[in-house]
Structure formats: structure tokens, C-alpha cells
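Working notes for the structure below.
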Ligand SMILES: *[C@@H]1O[C@H](CO)[C@@H](O)[C@H](O)[C@H]1NC(C)=O
Ligand SMILES: *[C@@H]1O[C@H](CO)[C@@H](O)[C@H](O)[C@H]1NC(C)=O
Ligand SMILES: *[C@@H]1O[C@H](CO)[C@@H](O)[C@H](O)[C@H]1NC(C)=O
């Protein structure tokens, strides 16, 4: 059943606030964005980094930590210094493996180096702790209960690498989901046959207790799958947790379900292996409401259909469900239809706060080995504030299939880094229809087109290249200066363009079609003015979020957005 609501475009308090500033800016010469043909562009960055990007996380040194599983045999990247990893519990190469299963990709230099993970990180989860260190949890086999940390390394420190803690978790976490909490800990939920949650780090490391979660028992399919549940931290401090076809709002502090949301559409599953994707839509300043958007998935039974003699690949789900998770009376899913069906897609919030990229994946089949046959090459942009029926726009198609075990992250320059795809148990490069992908590509959304150069803000203060992140506290004022090309001719007429806003984005941990901890907040603009004597330069003061419930502590990217065109971001550390 498809239905489009007639409800009005979301209330946007920031808009009212900005209206008079825009007047100033228009007079001062900042332009209204012209309507421009959308499309975006693909660029090959690396033909092979030697490791397939099953998991990716951008850190505040502008390097992306990439890792795969450790037990499929040799990768195409040697360990540093001729080292070999000898792990008798390793399934594929117990007597020694001299290849890397993790890499650090440096965005600025478009280069990479091998990193060393010891135990298996297969299908695991992660969070960036408030100090900017990636904390990865779980995996498989010898890595089921381990936690591993990877810091944001100093430039040139080639010895900077992963550290591991054995048996750090209370349960095996294979296909679990993490969400950073306002206190900086990770909430870790689910995993294969794990109907429970726990926290990391532990106040007492010997405390390996977990909290049982009946909701995960209720929502599993006949094979006990509802893996990688979608988790979002609501603005009231509770956790929105979606598994397969419905969600709850969990007060994790009291272990109480405070709200139950209705079944999404016809009840078809949206979580692994029927992997759809999910985002918490951008939050307005001092938000009173929050919405979640879940797109794609695969009908019940699709995974089984890909097995056995018949091997049919059922068309994926083309529907999205959008729900106001803060609605305490009767929250309802509003169903919208994407231009094409998609399973194993990724949803990434673009830094302009106006667009969500839906990218990667297939139009049929499911997640799992050899379980899809038709890649969905074309990303789609979803514009949450447009009217229903006018929200989706198909983008330029990729040339590379990004199927099972592919991932994508937002970079500070506004591009999306896309990698991975390995629907095979091993690295298979020949005699397979979809060879294991070791390359990295960038998808540049339309806002990066040259035609937008005159509109593109550039942050001058704090220095975007100064290295250290700007330090801010909750509710504090952050003063920014930015410029917009002064030679720009004045033009009017872009639909919905022309406003200046400031956004703050938490870089997610992306794997298996879900970007964990992804969060975008519009910041309240307190004051904006032209800088005297410096044509095309403006100062703007923004108010940081008031609480760690709105923005858990850590590193965020801050962008100035002119119309729909974002600047390059700067790193901000809020604590
Ligand atoms: C990886 O290495 C194998 C074996 O040396 C080679 O056949 C294959 O082409 C390489 N693949 C890539 C993508 O570099
Ligand atoms: C898939 O097949 C297995 C094994 O035959 C069966 O137990 C399970 O119920 C099936 N799953 C679904 C979702 O139909
Ligand atoms: C992939 O490679 C492995 C190891 O070389 C091989 O055993 C397996 O059959 C290959 N898989 C496919 C789908 O060809």
C-alpha cells in the first residue's frame, strides 16, 4: 500500500530566524543558488588499496580507517615492515598471514598505508569515542568479544596502529550495532543470536553483564535474523531501535520500552540480510521533533530464494518509511516510493542538511554471499523538505557494482568516499560476475559542480587547515568567518536556495548499509554580518547544541551552507 501524505513541509524554526539575515546577505552580495541540473560525478581515487572496504570511519585527521575481515586468506596489501601475523585461531591462514586486513586512507594525499588487526573484525561495529579514537567492537570467531581502538594518528607516525583488548564484551557481537551515548560510551545492541545490549567501555572491566532485550526476540525472522538493527539517539535521550519491520523507543537507563511504533508498511524486513538503510533526518536548532527515514530492504523470503537450485533474485523493496519518532500520541509511517528498488543501499546525510544520498546496493536479492544479481548503480538524492512527490532525484550512475560488503562515508570536502563490495567468501578477482572490489571512488554530489563555485562559501576562521579542531562547549558561541567569491554576479531564482545556514555533522561508522552514529544538526545562527572592508567576507556566530543528548561529545564537521552549497567543513571538538 503506497500513500503520500498531504502534510506540509516541516516547520523550520531556523528559517524564520535566518530570514532577516538573508536580506542582509542578499544585499551584501551572497547569491541565491541557481537551479542546476543535478547529477553528480564519479572519480576513481584508487584502483586498489589492497583491502576491501567492508567498514569505514573518517577520523578528525581526515583519514579514513578501513577494515575487512581477517580470515578469508591473503589480501592484496602487505603488512608494514614485512611483518606477519601468526594467529593459530585464524581460520584461513593459521600458520601465518603477511597481508593486512585494514588500511588508513589519507584523503588529502590520496594515499594509504597498511594497518594491523590481529583477531577477526568480520561484520563488526564501531563508535568514535569523545577523544576521537575509533573504538571498534566485536567480530567473529576469535574476535567475537574483542574491542579494538585506532587513534587519529599524527602525520608521519607510521607505527601508529590498532590495539586490541580480548574479551572486552559481555556477549558475542557479530552483526551488532553501536550508538554513542550522551556520556560518550557506546551502546551495543544485538548481533547473531544475541538478543541483548551492553555498553562499552565498562566502568568495571570485569563486569560482562548484558541486558536482555525481548524486542529482538520478537522481531527476528525464522532464521533468527534482524541483524544490524537501526539505532538512533532521539532528542529526548531515548534510543529509537528498529529491527526488521518495527521499532521501539528504549529508555536504556531504566530498561523500559517507552514507545512502540507501528509496523512499517506491509511488514517486509529492512534489516540484514534484507538490508535497507536508515537515517535520523537533520535536526533543527533546539529541536522539538525528530524524524527517521528508512529506505529499501528485501521482501521476506528473499534470502532463501537466492539459495538452492532455483536461485531467484526477488526485486528489492522500493519503499521508504518516514516517521516522527518524537510523536507521543500516534506516530505513523508515511510511505514514499523511490525511483528504483534497492537492497544494501547506504544512506548518507549530505552536509547541506537538505539532501540525503541513497547509494550503493542492488535492485534485487539480499545481503549475503552471491545473493544479488542486479546492481543498482545510480544513487538517488532525497530532499526531506521538498513536497511529497518531489523528493527523489536520480543521480549519475556509477561504473562499479557496490554490492554486499561495500560502504561509503562523507568526507570533509563534501564528497562521498565509496569502497568495498565483496559478495564472495574470499577475495575472488576472476571467474566471478562481481569481482572483489579493492578500489576507492569518490561521488561528488551536484553541489560540488564548478557551476556552483561562485556560490561556495569558504570558511576562513577558524582555520580549516590549522590542524587542531576548534574546541567548543555545549551552548557556547562559535564565531566563524567565511567568504563567498566576490566577483559573483547577482542572480536570483533558485528554488529554495539563497539561505545561509550552518550545519554540524558527526562522521559515521559505516558498514552493512548502516551509518552508525550519523547525525546532522543545524546550528542556531545568532548573528551574521558582512566584514567591513573585505568584500565578500562575512562573520557569523552560531550557538552550539545545548546538551550532549542533542550532540554526544566528540568531533564533528561544521559547514557553512549557502543555499544548498556547503563549504568545506572544519573540525570542531565538543565536550
Ligand atoms: C590482487 O592480487 C591477485 C594475486 O596477486 C591478483 O591476481 C589480482 O589482480 C589483484 N587484484 C587487485 C584488484 O589488485
Ligand atoms: C529459509 O529456509 C530455512 C531452511 O529451509 C527455513 O528454516 C527458514 O524458515 C526459511 N526462512 C524464511 C524467512 O522463509
Ligand atoms: C573464490 O576463491 C576461493 C579461493 O581461491 C575459491 O575456493 C572459491 O571457489 C572462489 N569463489 C568463487 C565464487 O568463485
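In the chain, helices alone account for a calculated mean residue ellipticity at 222 nm of -1500 deg cm²/dmol, with every DSSP H run of four or more residues adding -39,500 (n - 2.57). Starting from the Cα of residue 133, step 7 Å toward the Cβ, then list every residue of the stretch 455-484 with an amide N under 19 Å from that point. Inside the label zone: 469. The stretch between residue 217 and residue 394, if pulled fully straight at 0.36 nm per residue, gains 60.0 nm over its current Cα-Cα span.
To test your reading of the geometry: what angle, between 0 and 90 degrees and rounded to tens, separates the Cα axis of helix 13-28 from the longest principal axis of the chain? The answer is roughly 50 degrees.
Once the Cα-Cα distance is subtracted from the 0.36 nm per residue extended length, the residue 76 to residue 204 segment shows a gain of 42.1 nm. Working value for the chain: equivalent-ellipsoid semi-axes of 35, 27, 24 Å, each the square root of 5 times a Cα gyration tensor eigenvalue, largest first. Which of rounded, prolate or oblate describes the stretch 252-355 when judged by the alpha-carbon gyration tensor and an a/c cut-off of 1.5? Taking the square roots of the gyration eigenvalues as a ≥ b ≥ c, the stretch 252-355 is prolate.
Ordered from longest to shortest, the equivalent ellipsoid semi-axes for the stretch 78-144 are 22, 19, 8 Å, each the square root of 5 times a Cα gyration tensor eigenvalue.
How much length is gained if the chain between residue 474 and residue 461 is pulled fully straight, taking 0.36 nm per residue apart and subtracting their Cα-Cα distance, in nm to one decimal?
Details: separation 13, 0.36 × 13 = 4.68 nm, distance 1.96 nm.
Contour length minus Cα-Cα distance gives 2.7 nm.
Normalised by the number of residues in the chain, the mean separation of alpha-carbon contacts (under 8 Å, six or more apart) gives a relative contact order of 17 percent. So, R0 is 41 Å and r is the distance between the beta-carbons of residue 106 and residue 164; what FRET efficiency does that work out to, to 0.05? Using R0 = 41 Å, I get an efficiency of 0.95. Taking a ≥ b ≥ c as the square roots of the eigenvalues of the Cα gyration tensor, the stretch 125-188 is classed as oblate, since a/c reaches at least 1.5 and a/b does not exceed b/c. Once the mean of 1/r is taken over each pair of separate Cα atoms and inverted, the stretch 297-348 shows a Kirkwood hydrodynamic radius of 13.2 Å.
Going by a ≥ b ≥ c, the root eigenvalues of the Cα gyration tensor, does the stretch 198-265 fall in the rounded group (a/c under 1.5), the prolate group (a/b larger than b/c) or the oblate group? Because a/c hits 1.5 or more and a/b fails to exceed b/c, the stretch 198-265 counts as oblate. Evaluated at q = 0.16, 0.18 Å⁻¹, a Debye calculation over the C-alpha positions of the stretch 195-330 (equal weights, vacuum) places log10 I(q)/I(0) at -0.87, -1.03. Modelled spin labels at residue 549 and residue 289, positioned 7 Å past Cα toward Cβ, are 1.9 nm from each other.
No lab work stands behind these numbers, since they all come straight from the coordinates. Keep in mind the model is a prediction, meaning the values are calculated, not measured. Using ideal geometry, Cβ is built from the backbone for each residue, glycine included, and neighbour counts are taken over all protein chains shown.
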